[in-house]
Every structure is written in C-alpha cells, then in structure tokens.
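Please treat every number below as a calculation from the coordinates, not as lab data. These figures come from a predicted structure and were not determined experimentally. Positions of Cβ are generated from backbone atoms using ideal geometry, with glycine treated the same way; all protein chains shown enter the neighbour counts.
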Amino acid sequence: MLITSLVSFFAPANCLVCGREGSLLCPGCPLPEPRYGRCLFCHGSAEAIACPDCLLANQLASVAVAARYAGPAEELVAKLKYHGDRSAAHLMAARMLPLLPPDGVLVPIPATLEHIRQRGFDQAQLIARHLSRRSGLPVSPVLARAGKHHQKGSDKATRHAAMSDALSATRPIYGSVILIDDVLTTGATMSAAAQLLIQAGAESVCGIAFSQA
Ligand SMILES: [Zn+2]
Ligand SMILES: [Zn+2]
C-alpha cells in the first residue's frame, strides 16, 4: 500500500482524458469554455451565466462555471462519477479555484442518497474539500437529502418541487455561502439550495459549478 502510494506520488501523472503522460489534463485536452450570452434560467440574453433578474428571483448573488459540459469536461465528470477516479475531483477543484470569492463558507450540493450509496462518495463534497484545502475557506455540509426522488421524465416545475422537497438545511448558517456542484443543468437544484440557505440564515448565496450542461 505504502509502496503503491509512493510510486504514484513520484510517477508522472497521466492525462485523465486521453492517458498521455505528463499531467492530469494534457494540452491536447483543453476544457471547453463556458457558454455565455444566454441566461440559464429564462434563456434570454445575459452577459454571464444568468441574467440579473433571474439571479435576484432565485436568491443567488452570482453563478459561475469553469467549463462547458462537453468533451474533456464531460469526460472528467464521468471519470469521477462513474469510474470513482478521485483525482478528477482534484483537477476540477483546481479549475474552479479562480472563481471563488475571497470569503465565504463552501456548501456542497449533496448527491442523491442512492448515488452516494452506489459510488461510495459524494462528488460535490469531494470537490468542496479540495477547494477548501487550496483556498483556506471552510466547508460546511449543511445541506442534506431527505430521500429518493426520481426526476427522469418529470417536467421542470415538478422537478423543481421534488428537489426543494428532497434538499434540506440541517442547521443554521450565517454569512456568505458558496454553493459547490459538479454539473449545472437547469439551475433548479442550485436555486432550491439557495432558497433553503437564505431561510437558514445565510446573508448571501453564490453558486460555483465545475461545468454547465
Ligand atoms: Zn489528454
Ligand atoms: Zn434570466
């Protein structure tokens, strides 16, 4: 065990996407740039990920992503989620680090209980812990999932309701909160989480995801 970890410590890293030796992500596998110009929530024009009106309506101070969920970014998420490759979380956190505000508490958006059982870990919490180590900001996993919620096939409104039900804040939280997630899709989960955290006492909530689908 010790020898294996020593070997992996000294051995050069391999690109998580194509396997080329040298680093966790080689220059030949660049992450696709985030897609700006269209609001995540209303699909109207926006300078950033979401327009100011929708941010306000969803109780989010800002939303930022490190990459578009495609190509190498999609591969990294798959490596982490479906192949249990935790070094992908390390790399994802490194790319999210420049997006972090100087202050705040990192709150990972928990995966469903079913997924945590299947994978043996919660990917957003793993990313948040890496971010915490590198930024010095604390992690506070105040959000929890109430139970199983099947979202496939349901429309956006139902999905939103189901997720508001499923997520809960387990204790009060104060100050600025930075929500952490791996993939941002409709923004419904992040919006539900922001509302819960404001209700739980947070002064402001911003969201940072590794990628946007
Ligand atoms: Zn590569
Ligand atoms: Zn909008």
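Count charges around Leu31 for me, please; just the other residues with Cβ under 9 Å from its Cβ, Lys/Arg as +1, Asp/Glu as -1. Working shown, then result.
On the way: positive: Arg68, Arg95; negative: Glu33.
The answer is +1.
Among Met92, Leu113, Pro138, pick out the residue whose Cα is farthest towards the positive end of the charge dipole of the stretch 43-155, where Lys and Arg carry +1 and Asp and Glu carry -1 on C-beta, about the Cα centre.
Of the candidates, Leu113 comes out farthest on the positive side.
Along the stretch 75-92, what does the Karplus equation 6.51 cos²θ - 1.76 cosθ + 1.60 (θ = phi - 60°) give for ³J(HN,Hα), rounded to whole Hz, x for Gly and Pro?
4, 5, 4, 5, 4, 6, 6, 9, 10, x, 7, 6, 5, 5, 5, 4, 5, 4
Towards the positive end of the charge dipole of the chain, with charges on Cβ (+1 Lys, Arg; -1 Asp, Glu), say which of Cys18, Ala188, Ser176 has the farthest Cα.
Cys18
Note down the relative contact order for the chain as a percent, whole number, built from C-alpha pairs under 8 angstrom at least six residues apart.
About 22 percent, as a whole number.
Rounded to the nearest 0.05, what FRET efficiency is calculated for Glu47 and Arg133 with R0 set to 25 Å and r the Cβ-Cβ distance? Spell out each step's value before the answer.
Numbers: r = 32 Å, r/R0 = 1.28.
Efficiency, rounded to the nearest 0.05: 0.20.
Helix 188-199 sits at what angle to the longest principal axis of the chain, using alpha carbons and giving 0 to 90 degrees rounded to 10?
With both axes taken from Cα atoms, the answer is about 60 degrees.
Could you size up the charge dipole of the chain around its Cα centre, putting +1 on the beta carbon of Lys and Arg and -1 on that of Asp and Glu, and report it in debye to the nearest 20?
Once rounded to the nearest 20, the dipole reads 440 debye.
Which length gain, in nm to one decimal place, applies between Ser168 and Ala144 when the Cα-Cα distance is subtracted from 0.36 nm times their residue separation?
8.1 nm
By counting other Cβ atoms within 10 Å of each Cβ, how are Tyr82, Tyr69, Tyr36 ranked from fewest to most?
Arranged by neighbour count, lowest to highest, Tyr82, Tyr69, Tyr36 become Tyr82, Tyr36, Tyr69.
Give the angle, between 0 and 90 degrees and rounded to the nearest 10, that separates the Cα long axis of helix 156-166 from the longest principal axis of the Cα atoms of the chain.
80 degrees
Shape call for the chain from the C-alpha gyration tensor, a ≥ b ≥ c root eigenvalues: rounded (a/c under 1.5), prolate (a/b greater than b/c) or oblate?
Verdict is prolate for the chain.
Based on Cβ point charges of +1 for Lys and Arg and -1 for Asp and Glu, what charge dipole magnitude is obtained for the stretch 32-135 about its Cα centre, in debye rounded to the nearest 20?
360 debye
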